[in-house]
Amino acid sequence: MPPKAQTREMRPLRVRHEPPTLEEAMFAAQGLTDDVDQQVHIVAGLMELAAEDVRPQVEKLVASTARAIAQGRSVATVESRSGAPRTVVVEKTRRFKVSVPPRTVIDLTRRAPAN
């Protein structure tokens, strides 16, 4: 009969919890909704802060983002955990319009009157 394996007592795993930065939480909230009040609640929930504490900062970021969108470009700067900034610039160009002639609908259920 084989010998029984000895069981060792395992230590509990330690999990590091890092809440997101304001820019990361705001970027996620803007991707989920366009409503500023909902964005404030999403950012507050992600950062584990009160909504009143983050509201002025979120409204300031929303105003600056709205100006950039009105100019036709969107800029997102997010710092990584190592501290190196990563910038993504999205510029929207005007699309050309394609004109398609309207379809003509012919009713085949009606018969032409006989002459």
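Quick note: the coordinates plus some simple rules give every number you see, no bench work behind them. Predicted model only: the values in this text are computed from it and were never measured. Cβ sites come from the backbone with ideal geometry, for glycine too, and all protein chains shown count toward neighbours.
In plain terms, the residue of Met26, Met47 with the fewest other Cβ atoms within 10 Å comes first and the most crowded comes last, giving Met47, Met26. Across the range 32-49, computed HN-Hα scalar couplings (Karplus, 6.51 cos²θ - 1.76 cosθ + 1.60, θ = phi - 60°) run 8, 8, 9, 6, 5, 4, 5, 4, 4, 5, 5, 4, 4, x, 5, 8, 6, 10 Hz from first to last residue, x flagging Gly and Pro.
A Förster radius of 35 Å, combined with the Cβ-Cβ distance separating Glu9 from Leu49, puts the computed FRET efficiency at roughly 0.35. Exposure proxy for Thr33, Thr21: other Cβ atoms within 10 Å of each Cβ, ordered fewest to most, give Thr33, Thr21.
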